[in-house]
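Data block below; observations after.
The values are calculated or read from the model by the stated rules, or taken from the named source; none is laboratory data. Computed from a predicted model, the values in this text were never measured in an experiment. When we count neighbours, we look across all protein chains shown, and the Cβ atoms used for this are built from the backbone with ideal geometry, even at glycine.
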Amino acid sequence: MSAVKPAGIHHVAYRCNDAKETVEWYGRMLGMEYTTAFAEDHVPSTGEYDPYMHVFLDAGNGNVLAFFELPNQPGMGRDANTPEWVQHLAFRVNSEADLMAAKAHIEGQGVEVLGPTHHGIFKSIYFFDPNGHRIELAADIGTQDQYDELRRVAPLMLDEWSQTKTAPRHAAWLHEIARIEHGHD
């Protein structure tokens, strides 16, 4: 029997400190519509008593972002052994102009924004939600030839990384594109 191939992501779920604050923040900052809530005193999958509020937000294009507020659990933390830049939620925006408009809007709401950062085939900005989750907004800027080349070298890069644990250079041209655009020629 072959593996089942997913038809897409149904939703991704994270924990939040306050469901209402989180819903309002994502609506205000990113225009996400609050669509659905589930609330139970007992966890359906395990039956254990652990009251929760589970809220769902429309992240665009059929994608759903969900959060759990868990008032009876210890306060939220994060993996102290993983740098805060690693685990994040990345959302696509339609253009560089949209990316810069989002940066201005979010900064106008008093949120610190890092970037834009040039990744060769996309540019990103980064900021944190009220729960400490890192958020990225990304605008694709690459050409089809660049995406094709990245797809071609991906298996080679993974094999080399698995053997050496040093960064393979197959896609080093991405950084050159960013460097040249920033005038560091």
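Computed quantities for the displayed model
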read-out: Checklist (1) out of contact with any strand residue (DSSP E or B) (no Cβ under 7 Å at 6 or more places or on another chain); (2) polar (S, T, N, Q); (3) closer than 27 Å to Val64 by Cβ applied to Ser95, failing item; value: (1)
read-out: Failed item, numbered, when Ala37 is tested on (1) under 16 Å from His133 (Cβ atoms); (2) surrounded by 12 or more Cβ atoms within 10 Å (Cβ to Cβ); (3) among the small types (Gly, Ala, Ser); value: (1)
read-out: Qualifying residue in region 55-68 (condition: farther than 24 Å from Val113 by Cβ, touching a helix residue (DSSP H, G or I) at 6+ places or on another chain (Cβ under 7 Å) and surrounded by 14 or more Cβ atoms within 10 Å (Cβ to Cβ)); value: yes
read-out: Residue list for region 43-73, filter: in contact (Cβ under 8 Å) with a residue 24 or more places away in the chain and acidic (Asp, Glu); value: Asp58, Glu69
read-out: Of the criteria (1) buried (at least 16 other Cβ atoms within 10 Å of the Cβ); (2) part of a strand (DSSP E or B); (3) not charged (D, E, K, R), which one Trp25 fails; value: (2)
read-out: Check on His119, in contact (Cβ under 8 Å) with a residue 40 or more places away in the chain, outside the structural domain of Gly60 (by TED's automatic domain parsing) and more than 29 Å from Asp58 (Cβ to Cβ); value: no
read-out: Count - residues of region 109-129 that are assigned to a loop (DSSP other than H, G, I, E, B) and within 14 Å of the chain's Cα centre (by Cα); value: 1
read-out: Single unsatisfied condition, Ala101 versus (1) touching a helix residue (DSSP H, G or I) at 6+ places or on another chain (Cβ under 9 Å); (2) part of a helix (DSSP H, G or I); value: (1)
read-out: Region 132-148 - residue that is part of a loop (DSSP other than H, G, I, E, B) and surrounded by fewer than 17 Cβ atoms within 10 Å (Cβ to Cβ) and, of those, nearest to the chain's Cα centre (by Cα); value: Gly132
read-out: Restricting region 69-109 to residues that are of a type in the set (Lys, Arg) and over 18 Å from Cys16 (Cα atoms), the residue that is surrounded by the most Cβ atoms within 10 Å (Cβ to Cβ); value: Lys103
read-out: Condition met for Ala138 (within 15 Å of Ile121 (Cβ to Cβ), modelled with pLDDT under 90, among the small types (Gly, Ala, Ser) and not assigned by TED's automatic domain parsing to the domain that holds Tyr26); value: no
read-out: Test: residue in region 80-87 that is assigned to a helix (DSSP H, G or I), closer than 29 Å to Phe122 by Cα and within 19 Å of the chain's Cα centre (by Cα); value: no
read-out: Region 23-42 residues that are assigned by TED's automatic domain parsing to the domain that holds Met53, paired with ones that are of a type in the set (S, T, N, Q) and modelled with pLDDT of 95 or more (beta carbon under 8 Å, 6 or more apart); value: Arg28/Gln109; Met29/Gln109
